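Heads up, the thing below is written out as structure tokens.
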Amino acid sequence: MLYSFLHRSLSLSLLCLQDQFDNLEKHTQSGIEFVERYTKFVKERSEIEINYAKQIKYTSCRAFLSTLNELNDYAGQHEVIAENLTSQIITELLRYLTELKAERKSHFHDGRKAQQHIECSWKQLESSKRRFERDCKEADRAQQYFERMDADINVTKADVEKARQQAQMRHQMAADSKSEYSNFLTKFNQEQNEHYYTLIPNIFQKLQEMEERRIERVGVSMKTYAEVDREVLPIVGKCLDGMTKAAESIEPKTDSKQVVESYKSGFEPPGDVEFEDYGPGQSMKRTVSETSLSNSRGEVKERPSGGKSKGKLWPFIKNKNKGSGPEDFSHLPPEQRRKKLQAKIDDLNKDIQKEMDQKDALTKMKGVYEKNPQMGDPASVDPRLVEMAMNIEKLQSEVQKFEVSCYSYCVCVCWSLSSPDGSYTEEQSSETQVKVAIANTPEFDDEFDDGDEETLPTIGTCKAIYQFEGHNEGTISVTEGELLYVIEEDKGDGWTRVRRNEEEEGYVPTSYVEVLLETNAKGAMTYI
């Protein structure tokens, strides 16, 4: 009974101890996870600060240059916050987390080692106790057997003596087992006392001190977190004061003048409409009131091809070609058109210079290959050189085309300024532009006519032999077998301009259609 009670009591104690270890392990693990979450929080704040600094530092809002300068300093302070958070908190906490995990692992290792030792000692005690119990039972059975043999008159003295010796041996074994069990019990009691009153309390004390240091370190980090923001507040305040001054320095009239300068059209206002008498034998002309303000002043010019007349773009008339106008920007007002043409010429010149630089580099590379064949094949560079030469030629052709348009525009403006009435119309501009284009660049004789502003006459028909999805601007979708009108033949670029109806027209690949030009059309021919 005493042994069973001791066994149950010790088992319950060990189970309670295991539960405490589990609880402490969970608690300390949650503490480490809290530090990791807090470190992640500070790290994310640092990333937000650096991203915010980049976003407010690099902006293209020229109207608030002074504000942006202050924002640049303001962003610099956020960069300081990010740097301080990284150096003073994140780096320190990451290093401390490594030390904390190692210390925690060491303490729990010592605790498990002590628990395994007391469990091993308990198993030895249990084993010695069972052995002592078994030897006692064997000694009792041997003693009873000896007594029966000694009382039996039919048994020889030799058998009785043998039974007596066996009983004595069993009693001696029982005495030895008792002594061993007693020693193990004494040893276990000492180890158990040391385990519960010395080893485990020391480990728990170390874990408690570790937790207190962790909590204290988190508190210091939180205080540092606040101080990092506090240090930059004076400079941030100065930046905000500078922003206020910048806002107060805004001049609306100056800004509106810049808008007027940027968007002025260059059109001359129309003159007074003359009174037209309607008397006997006279027919009154169609006046402006009978047409649209967007039409040319005075009357509507009928065109043989049945096309629509080009009109001025007045300030409050919507531009239907906005975003998809012709390549020479003829749909724009004069001043805006000049700016667009010049910008296009500048961009093309930059592309030409870039291609020429690449061509020079490849030429030098080819020279190196010719001198050192082991470095590469000179012939491998030739296709790329040919491609670059074609690109340069194409870009130069584009530059020449836009320079012709720009020059034509300048001639038109000068002509309008020197004309007696000083008037300027789109019809005069287009007519002069075509004349200048013909005089200076024969190869572009039909490039800048009124095709984008009026309905072109048909010069033939075509039949689609393949289906084409016209996703790009200026193209038109066709289905296989569809019949269309040709309004502009292929000029060598692989595209033919066709019309489906009065309002739907565009370009299709020449190889996708079978074209039949009229016999009296320019350059009439049939090709597939």
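The values are calculated or read from the model by the stated rules, or taken from the named source; none is laboratory data. This is a predicted model, so every value here is computed, not measured. Neighbour counts run over all protein chains shown; Cβ positions are idealised from the backbone, glycine included. What goes into the accessible areas is simple: the full protein's heavy atoms, side chains included, and nothing from ligands, DNA or RNA. Shrake-Rupley method; radii C 1.70, N 1.55, O 1.52, S 1.80 Å.
In region 77-89 there is no residue matching the filter, namely being at pLDDT 85 or above and either closer than 30 Å to PHE184 by Cβ or part of a loop (DSSP other than H, G, I, E, B) (or both). Which of the residues belonging to region 471-520 are open to solvent by 20 Å² or more (accessible area, probe 1.4 Å) and small (Gly, Ala, Ser)? Residues satisfying the conditions are GLY474, SER477, GLY481, GLY492, GLY494, SER511. Here ARG230, ARG164, ARG214 are screened, and the one residue that is open to solvent by less than 70 Å² (accessible area, probe 1.4 Å) and among the basic types (Lys, Arg) is ARG214.
Taking every residue in region 130-149 that is open to solvent by 100 Å² or more (accessible area, probe 1.4 Å) and pairing it with any residue that is part of a helix (DSSP H, G or I) and among the acidic types (Asp, Glu), at least 6 positions away or on another chain, yields no pair with a Cβ-Cβ distance below 7 Å.
Pairing residues of region 242-254 that are outside any loop (DSSP other than H, G, I, E, B) with residues that are open to solvent by 70 Å² or more (accessible area, probe 1.4 Å), at Cβ distances under 7 Å and at least 6 apart in sequence or on separate chains, gives ALA246/PHE64. Among the conditions (1) modelled with pLDDT of 80 or more; (2) within 41 Å of the chain's Cα centre (by Cα), ALA379 misses just one, which is (2).
Restricting THR59, THR98 to those that are surrounded by fewer than 20 Cβ atoms within 10 Å (Cβ to Cβ), polar (S, T, N, Q) and modelled with pLDDT of 90 or more reduces the list to THR98.
Could you tell me whether region 182-194 includes any residue that is surrounded by 12 or more Cβ atoms within 10 Å (Cβ to Cβ), touching a residue at least 12 places away in the same chain (Cβ under 8 Å), within 22 Å of LYS129 (Cα to Cα) and hydroxyl-bearing (Ser, Thr, Tyr)? Within region 182-194, none of the residues are surrounded by 12 or more Cβ atoms within 10 Å (Cβ to Cβ), touching a residue at least 12 places away in the same chain (Cβ under 8 Å), within 22 Å of LYS129 (Cα to Cα) and hydroxyl-bearing (Ser, Thr, Tyr). The condition of being in contact (Cβ under 8 Å) with a residue 40 or more places away in the chain and either surrounded by 18 or more Cβ atoms within 10 Å (Cβ to Cβ) or basic (Lys, Arg) (or both) holds for only one of HIS107, HIS117, that being HIS107. Considering only region 150-161, state which residues are touching a residue at least 12 places away in the same chain (Cβ under 8 Å) and either open to solvent by less than 60 Å² (accessible area, probe 1.4 Å) or touching a Lys or Arg at 6+ places or on another chain (Cβ under 7 Å) (or both). Of everything in region 150-161, just one residue is touching a residue at least 12 places away in the same chain (Cβ under 8 Å) and either open to solvent by less than 60 Å² (accessible area, probe 1.4 Å) or touching a Lys or Arg at 6+ places or on another chain (Cβ under 7 Å) (or both), namely VAL160. Summed over region 233-251, residues that are loosely packed, with under 15 Cβ neighbours inside 10 Å and among the hydrophobic types (A, V, I, L, M, F, W, C) total 5.
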